[in-house]
1. Only one of (1) surrounded by 17 or more Cβ atoms within 10 Å (Cβ to Cβ); (2) more than 16 Å from the chain's Cα centre (by Cα); (3) in contact (Cβ under 8 Å) with a residue 40 or more places away in the chain fails for residue 211. Which number is that?
2. Check off (1) more than 22 Å from the chain's Cα centre (by Cα); (2) assigned to a loop (DSSP other than H, G, I, E, B); (3) closer than 15 Å to residue 272 by Cβ for residue 230 and give me the number that stays unchecked.
3. Can you spot a residue in the range 107-115 that is part of a strand (DSSP E or B), surrounded by fewer than 22 Cβ atoms within 10 Å (Cβ to Cβ) and touching a strand residue (DSSP E or B) at 6+ places or on another chain (Cβ under 6 Å)?
4. Look through 133, 167 and report the one residue that is surrounded by 19 or more Cβ atoms within 10 Å (Cβ to Cβ), within 21 Å of residue 178 (Cα to Cα) and free of Cβ contacts under 8 Å to residues at least 40 places away in the same chain.
5. Which is exposed (fewer than 15 other Cβ atoms within 10 Å of the Cβ) and modelled with pLDDT under 95, of 206, 176, 197?
6. Of the residues 184, 123, which single one is outside any strand (DSSP E or B), in contact with a helix residue (DSSP H, G or I) (Cβ under 6 Å, 6 or more places away or on another chain) and in the same structural domain as residue 219 (by the TED database)?
7. Among the residues of the range 356-388, which ones are free of Cβ contacts under 8 Å to residues at least 12 places away in the same chain and under 20 Å from residue 415 (Cβ atoms)?
């Protein structure tokens with residue numbers, strides 16, 4: 001049985017160096033480094049939801065240029081994926097992409113057998129617990145997709161690989177190939193990249209949204225048909241059991257946060273869409289005047305979009321409650337839930353003893369877990385400041401929006417929204433380095 005990943009980054013790096021000297025073909029190693037570097041701009045690297053063992057996680061950084069991506073599972077475990085491209089050659093000239101055909105960068109292509117052997121060798125040595133595989137488009141979408149499918153098929157059928165596999169579905173690929181991919185991959189994803197068709201055409205004239213939405217539909221069909229078949233035949237094959245995901249680039253084009261979140265909300269309305277990822281635009285092609293001249297990626301904005309996404313999925317918020325015509329972009333100073341609360345003082349204070357679960361979810365500082373605990377606990381005992389804190393409520397925020405036993409603070413009505421905002425907005429530091437931003441999705 002393959003054990004869970006527990007080695008440190010340093011240990012993996014040293015062992016990989018030894019592996020390079022002992023067994024790995026130097027040419028293959030060079031290809032791996034080139035293709036791992038090219039793969040790092042795709043953030044849609046999540047493995048949560050898989051039914052195979054050793055298979056759940058999120059987004060992380062590669063180790064030492066080897067393409068090993070450290071990810072975090074929902075239970076907090078650190079796991080590792082080999083994050084690599086099959087090739088970084090590409091027939092397209094997308095302005096926002098480092099691998100565009102007109103760029104003079106190191107290029108490489110791994111054969112199907114080379115990538116399968118690499119994956120199995122790393123897996124046996126416990127360097128990785130899965131594979132995240134994407135590719136530039138060579139010849140045409142079907143040719144590229146067929147090679148991706150062959151990798152997954154060989155791993156599953158020839159080598160009995162039981163780790164996690166996330167495959168990128170190539171926009172424009174045929175229904176047959178996408179459906180075959182779902183039989184071997186835990187998750188499939190097709191990147192939307194640019195939220196609106198007009199801006200996509202401006203930066204990538206050879207692409208359109210139809211070529212993205214079609215394979216999304218093929219994945220949805222395959223998953224729903226598989227689920228229906230498994231109701232009648234327990235051992236029927238699963239189809240992409242961890243669902244599908246997509247990615248949008250933030251800041252390369254003129255879309256507002258409202259535009260982006262409306263697209264996300266529509267995608268989440270479709271069954272099987274598990275995650276939409278937001279990638280702050282990195283200026284990789286500074287010479288292209290169609291792109292904004294950003295000194296660094298808009299990471300604060302990216303973080304706010306992830307928080308808003310969380311509210312849409314788990315907190316029963318609607319897009320028009322978070323952003324509207326008057327304010328189409330999210331507040332960069334405070335998280336979107338707090339921003340909503342400050343705009344709606346009439347909703348507060350919320351009585352902890354009588355408010356229903358849905359109302360409690362609207363309170364800044366109270367999350368899904370703490371809201372459930374409040375509803376359960378208040379039937380048996382009084383709840384005060386310290387009890388709420390023990391339940392996981394972030395009282396630094398919640399104290400201004402609730403009434404309960406022994407609450408020592410004035411609420412938003414006495415302090416006014418402006419006063420509460422002043423108390424909760426962090427004081428600006430002398431120097432801010434957005435590159436060290438910590439993403440915070442936890443509202444409790």
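The values are calculated or read from the model by the stated rules, or taken from the named source; none is laboratory data. No experiment lies behind these values; they were computed from the predicted model shown. Because the Cβ atoms are built from the backbone with ideal geometry, glycine has one as well, and the counts that use them run over all protein chains shown.
1. Just one mismatch for residue 211, condition (1).
2. It is condition (2) that residue 230 fails.
3. Yes, there is a match, as at least one residue in the range 107-115 is part of a strand (DSSP E or B), surrounded by fewer than 22 Cβ atoms within 10 Å (Cβ to Cβ) and touching a strand residue (DSSP E or B) at 6+ places or on another chain (Cβ under 6 Å).
4. Going through 133, 167 in turn, just one is surrounded by 19 or more Cβ atoms within 10 Å (Cβ to Cβ), within 21 Å of residue 178 (Cα to Cα) and free of Cβ contacts under 8 Å to residues at least 40 places away in the same chain: 167.
5. The match here is 206.
6. It is 184.
7. Passing the criteria: none in range.
For (1) surrounded by 15 or more Cβ atoms within 10 Å (Cβ to Cβ); (2) assigned by the TED database to the domain that holds residue 200; (3) modelled with pLDDT under 95, each residue gets a yes or a no:
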{"position": "259", "(1), (2), (3)": "yes, yes, no"}
{"position": "283", "(1), (2), (3)": "yes, yes, yes"}
{"position": "289", "(1), (2), (3)": "no, yes, yes"}
{"position": "310", "(1), (2), (3)": "yes, yes, no"}
{"position": "341", "(1), (2), (3)": "yes, no, no"}
{"position": "354", "(1), (2), (3)": "no, no, yes"}
{"position": "360", "(1), (2), (3)": "yes, no, no"}
{"position": "370", "(1), (2), (3)": "yes, no, no"}
